[in-house]
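Enquirer: Sending over a structure as structure tokens; questions will come in a sec.
The values are calculated or read from the model by the stated rules, or taken from the named source; none is laboratory data. Computed from a predicted model, the values in this text were never measured in an experiment. Neighbour counts run over all protein chains shown; Cβ positions are idealised from the backbone, glycine included.
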Amino acid sequence: MLKTIKKLVTTILLTTITFQTSTIISHAAFTKTIPSPIQEIITYDEHGGYYVETLENTPIQNTLSLTSTARVNTLKSKTKTVRYYNDNNVLCWSYALKASFKVKKGTNAIYDSSSASAKIYKTSWNTVSEKHFGSKNTATGSITMKTTKKTVTKKITIKCDKDGNFS
């Protein structure tokens, strides 16, 4: 009788462990990282300085929520950073906007959230103002920076289309 109870308890424990392991493995299959190249754009200002904008990928996170059409919603994020260099090629400051979008491939992309940060590398510069927000399939960030010689405002946007492509 005692052997039968031990076998039953062992069988139940093994079944539970096997089920939990397979659940963890199947959940892990929904998360993947896809590397992609960084895009850079350089623009010059009237003072001889220039901005370098980069659009960087962050890992893709597939969520487990299914829509009525049984498509998986994907949470996709991008970070766009702008760095300002003066006319002596010295990095003065940088501003980064990170935005996340919920994408239902082929159907739509909807702004989910954003965050922003600024770093000052040359102490003569100060942050005057910063704001970031999003609507529909676009995130926007704007920063105003000031030095004794000039004040500049830089606006950056991140757009996500219905297929999860960014611009």
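Enquirer: Would you call S142 part of a strand (DSSP E or B) and either crowded, with 18+ Cβ neighbours inside 10 Å or not aromatic (F, W, Y) (or both)?
Expert: Details: part of a strand (DSSP E or B): yes; either crowded, with 18+ Cβ neighbours inside 10 Å or not aromatic (F, W, Y) (or both): yes.
Against the criterion (part of a strand (DSSP E or B) and either crowded, with 18+ Cβ neighbours inside 10 Å or not aromatic (F, W, Y) (or both)), S142 qualifies.
Enquirer: If you go through the stretch 118-139, how many residues are of a type in the set (G, A, S) and surrounded by 14 or more Cβ atoms within 10 Å (Cβ to Cβ)? Walk me through how you get there before you give the answer.
Expert: We begin by selecting, within the stretch 118-139, every residue of a type in the set (G, A, S); these are 118, 124, 129, 134-135, 139.
Filter once more, so that each one left must be surrounded by 14 or more Cβ atoms within 10 Å (Cβ to Cβ): 118, 134, 139.
So the count comes out to 3.
Enquirer: Follow-up question, since we're still on this one. Is it true that E130 is of a type outside the set (F, W, Y), modelled with pLDDT under 95 and either within 21 Å of K150 (Cα to Cα) or assigned to a strand (DSSP E or B) (or both)?
Expert: Details: of a type outside the set (F, W, Y): yes; modelled with pLDDT under 95: no; either within 21 Å of K150 (Cα to Cα) or assigned to a strand (DSSP E or B) (or both): yes.
No; evaluated as a whole, the condition is false for this residue.
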